[in-house]
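Worksheet: the structure to be examined is printed underneath.
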Amino acid sequence: MTERFDLPAGRLETRFSDKAPALSESEARREAARCLYCFDAPCIRSCPTSIDIPTFIRKIATGNLRGSARTILSANLLGASCARVCPVEVLCEGSCVYHDDGQPPIAIGRLQRHAMDHGGGPELLPRLNAARPGSIGLVGGGPASLACAGQLALLGHRPVIYEKRALPGGLNTTGVAPYKLPAEDALEEVESILALGVDLETGVEIGRDLTAEEVLARHDAVFLGPGLGPDSRLRVPGEEGPGVLGAVEWIERIKNDASYSLEGITQAVVVGGGNTAIDAARELRGLGVETVYLLYRRSAAEMGAYRHESDEALRGGVVLVEDVVVTEVLREGDALSGVRLAEAQGGRATDVEHGVLPTDLVLLAIGQSKLVELARSFPGVEVDDRGRIVADPATGRTGNPRVFTGGDALNGGKEVVNAAHDGQAAARAIDELIRDGGPRG
Amino acid sequence: MADLSVDFAGIRSPNPFWLASAPPTNSGDQVQRAFDAGWGGAVWKTLGTPIVNVSSRLGGVGYGAQPLMGLNNIELITDRPLSVNLKEIAQTKKLYPDHAVVVSLMFNERSEWEDILKRCEDTGCDGVELNFGCPHGMCERGMGSAVGQEPKVLEELVRWVIGATSLPVIAKLTPNVTDVVDPGLAAVRGGAHAVSLINTVQSVIGVDLDRLVPLPRVGDASSHGGYCGPAVKPIALRMVAQLAREREFGIPISGIGGISDWRDAAEFIALGAGTVQVCTAVMHHGFRIVDDMIEGLSDYLDSKGMGCVDDLVGAAIPGFREWGDLDLNYHVVAEIDEATCIGCQVCHVACHDAAHQCIHLPGVAAIPGHTAPMAARAAAQATSASPDAPYRVPWVDETECVGCNLCALVCPVEGCISMVEKRRAPETETWNDRVAKGTDHVPGGLADLDPRRP
């Protein structure tokens, strides 16, 4: 349990064990010694935050764990969670030159975890005294805001995070697969960021408890890191009622809500083909649900999920049904009894019925809405036709010169490491803005 | 199948692999188990006047993930009574009549030497080795390397021993000298039948940085020790070869120093050793390693068409010359195999920062007029490669390459970088040839700084 945030006992996520367990000291040293210390290393280029990977690995090999952690954190303040949640298979480890030699890549993610577990946190980093300390309001307490706020604090500013939930951390706390990062560890990282001098106000929702104008009036600059909105719905008959949940909402319940139980659920369906769908399906299997169907409206090859994740799900007993669409949720009285399926072509339902699948639970992982209203409530901030906030990709600066953004609200939904990069880039731009005397302009 | 049996200065052994005088030869039980495992001989842990030992005694240094690249010790000679050792030596020799049992000795007084030699003869052992090498603990008492470092004393001691026994006598030399040829020739003059080298190198293995005490720690202090293991092999090879090529030398050499496998053994033999002695590798992995040594050496001799170990002894000595006798017209340049290169670019950074700046990254333009056969291809590949899979194979400016080998040494892929022969001229010319011809002036010296000088 962290010092500041309470997580109740008996949450379902505590039943999972680590998929990639921590390395022992000798395992870490041995693995670190394998690293070739490439020049202009491809792994660095594949990291959205450009962590100097060969250098932090060399420092593990020499027993300089504090220095190793410092190397990681100086590029990415969320080095601890990224070590656990990054899809390293397609990023750093995917580009390791060992692949070309027919050897397994360096276990970069696990080595990074080793450095973060034993080397120390962001308190290791140097702190500057800003000539003109500014006050920055950050909307949302997820990875993008945390990285931005932490960086701003290191640069000598006074960031304040507004989080609508009781717990900060965003998807790291509520949404990451429990076998990668449990909420408890996510909150520990949040605490290390807050300890740099970041204020946190939980239970504060912009638009409900504070208006955009009020936020702009309180602060020199604002960072929008609200992430995405609620899970999208199917809009089919029978959908409303017990037993049908959004996948993101469901994952949050198994991670944070001790009152939630899967009692009586022996078969479940997950609708979707992205990484959230795969996570939910694997978690259902991991929690002992006997039959888990993954219903996808296109073919396996077209799934948005990472291949290594979907392969793992199928190996874990998840049954994939391709080219089907749910046309109706069936109920006996109020109780969920099954879903009716139609065959799909090119992702769209045809008139050909595929059959009825009995189920005790339906999870919808077909995307999340965008928080368009929230974004537009800040004057000058625009969103594109896909609901993403329009901003300069290098700095996150929106149409309002005092408002910056990053993370899922900007990119439509990517990785924690992308959010970390966005947040830190915005922090540097905000620091520049305040130094140039531009706030409240 | 090559015949591995050897006759080393009159000591017969089923193969050239002996255990060096050290902890693995501390007792009859150990030596007998070693013989069962396949070792051809053993030099018993040094007998002498009883001593006491300290705790702890060993220190190690690793490299990367490998422990014990080097081992250092501050242990002294045997700490068991002479009566026990002599009884076990006799028993071992009786049980293993065809194996070589050699007894290492270290005493002070002539009468002591004469006494112990008689007792050794009574055990039936095959020979004695005189420990003139131990560089810690015993040398402060005027023995071990204190003798090995004084050729005159060494010669005299050998003479005493030769006069007192009919057993073959091996003088064990210390590497802690300026020139090992001096004690080597002193051993010959004293009448030694053979020498063995090297004993351990004086060393401090490391420092406990928490307590700020050197290692291995004995309470609040340590002492210098004797260093051995794979890390000392190059030092030992050179000393063995130095003696082997010395015209006035001419007695057998038992090679010691970091020998861990058949390949190490073959290298020592090729540079003049008639037998090899092993300690650290056994301390690390046990007696069982000898199996690979026997098999590997036998297969190697077969592959070279050599019928026995003697055929290999000293075979590389004609190629071990002074620098001034090396061919200045021999020249190699690095060639990087594009097909096996994995693009780590470790060769580039090594060459660029620490060698001759001749390995360049793809996309860098070649200097006009230089020979750089892969530069154009690298440039084209770099341009056409997708950003997801950039082309990372470096290229060599052959005009600038001096053929130093560094790139090939740092390359992690076996055989990816080869050093290709590109002679500067067909004929051989050495530095000594130039000196003889008077063509040894190299411009760029002090004289060229002052144009008024003739």
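Under 5 Å from the amide H of A:S337 lie the amide H atoms of A:L330, A:R331, A:E332, each residue being 5 or more positions distant or on a separate chain, with H modelled from the backbone and absent for Pro and chain starts.
The residue list B:G219, B:V177, B:A164 was ranked by how far each Cα lies along the charge dipole of the range B:162-221 toward its positive end, using unit charges on Cβ atoms, and B:A164 comes out on top.
For the range B:32-103, applying the loop criterion from DSSP together with a ceiling of 14 other beta carbons within 10 Å to the trypsin sites (Lys or Arg not before Pro) yields no site. With N counted as the residues of the protein assembly as shown, its alpha-carbon radius of gyration over 2.2 N^0.38 Å works out to 1.28. Here the residues A:I366, B:I259, ranked from fewest to most Cβ neighbours within 10 Å of their Cβ, fall in the order A:I366, B:I259. I'd like the trypsin sites (Lys or Arg not before Pro) in the range B:212-320 restricted to DSSP loop residues with at most 11 other Cβ atoms within 10 Å, sorted by number. Qualifying residues, ordered by number: B:R247.
Across the options B:H356, B:Y330, B:L409, the greatest Cα extent toward the positive end of the charge dipole of the range B:324-431 (unit charges at beta carbon of Lys, Arg, Asp, Glu) belongs to B:H356. Centroid-to-centroid, using Cα positions, the range B:148-223 and the range B:89-140 are 16 Å apart.
Residues whose amide H lies under 5 Å from that of A:L138, counting only those 5 or more places away or on a different chain, are A:V160, A:I161, A:Y162, A:F223; hydrogens are built 1.01 Å from N in the peptide plane.
What longest range of chain A stays clear of loop-exposed trypsin sites (Lys or Arg not before Pro) (DSSP non-H/G/I/E/B, at most 15 other C-beta within 10 angstrom)? Longest run free of exposed loop sites: A:236-385.
Among the helices of chain A, those built from whole DSSP H runs whose Cα atoms reach 18 Å or more along their own axis and whose mean Kyte-Doolittle hydropathy is at least 0.0 are A:416-435.
Computed over the alpha carbons of chain A, Rg followed by Dmax gives 22.4, 69 Å.
Distance between the C-alpha centres of the range A:360-425 and the range B:318-380: 50 Å, rounded to the whole angstrom.
Span-like helix criteria (full DSSP H runs; alpha carbon extent of at least 18 Å along the helix axis; mean Kyte-Doolittle hydropathy of at least -0.5) are satisfied in chain B by B:82-95, B:151-164, B:290-303. Between the listed residues B:S5, B:G133, B:T371, the Cα displaced farthest toward the positive end of the dipole of chain B, a dipole computed from Cβ unit charges relative to the Cα centre, is found at B:G133. Taking 19 Å as the limit for the C-alpha separation, the pairs B:K87/B:K118; B:K87/B:K172; A:K19/A:K164; A:K180/A:K414; B:K93/B:K118 exceed it in the case of B:K87/B:K172; A:K19/A:K164.
Centroid-to-centroid, using Cα positions, the range A:1-74 and the range A:243-261 are 29 Å apart. Restricting the range A:206-289 to GluC sites (Glu not before Pro) that sit in a DSSP loop and have at most 13 other Cβ atoms within 10 Å of their own Cβ leaves A:E240, A:E263.
Sorted from longest to shortest, the spans of the Cα atoms of the range A:19-123 along the three principal axes equal 38, 29, 28 Å. Evaluating 6.51 cos²θ - 1.76 cosθ + 1.60 at θ = phi - 60° for every residue in the range B:71-76, the Karplus couplings come out as 10, 10, 9, 10, 7, 9 Hz, glycine and proline recorded as x. Take every DSSP beta bridge whose two residues both sit in the range B:6-319; close to 40 percent of them are antiparallel. Each of B:H284, B:H99, B:H441 has some number of other Cβ atoms within 10 Å of its Cβ, and from fewest to most they run B:H441, B:H284, B:H99.
Residues in the range B:310-317 carry Karplus couplings, in order, of 3, 4, 8, 4, x, 4, 9, 5 Hz; the curve used is 6.51 cos²θ - 1.76 cosθ + 1.60 with θ = phi - 60°, and Gly or Pro positions show x. If you wrap the range B:1-145 in the convex hull of its Cα atoms and look at it from every side, the mean projected area works out to 10.6 nm². Evaluated at q = 0.09, 0.10, 0.23 Å⁻¹, a Debye calculation over the C-alpha positions of the range B:248-368 (equal weights, vacuum) places log10 I(q)/I(0) at -0.48, -0.58, -1.19. Compared with the rule-of-thumb size 2.2 N^0.38 Å for a compact globular protein, the range A:244-364 has a Cα radius of gyration ratio of 1.02.
For B:G64, no residue whose modelled amide H falls within less than 5 Å of its own remains once neighbours fewer than 5 places apart on the same chain are excluded. Comparing the range B:119-169 with the 2.2 N^0.38 Å rule of thumb, its C-alpha radius of gyration ratio is 1.22 (two decimals). Simple point charges give the picture: +1 on the Cβ of Lys and Arg, -1 on the Cβ of Asp and Glu, and for the protein assembly as shown a dipole about the Cα centre of about 1380 debye. Divide the volume of the convex hull around the Cα atoms of the range B:324-431 by the residue count and you get 113 Å³ per residue.
Pairs exceeding a 30 Å alpha-carbon distance, out of A:K59/B:K422; B:K94/B:K304; B:K152/B:K304; B:K45/B:K233: A:K59/B:K422; B:K94/B:K304; B:K152/B:K304.
Any read-out appearing in this document is the output of simple, stated calculations on the displayed coordinates, not a laboratory observation. Fair warning: this is a prediction, and the values are worked out from it, not measured in the lab. A quick note on method: Cβ atoms are made from the backbone with ideal geometry, for glycine too, and the neighbour counts reach across all protein chains shown.
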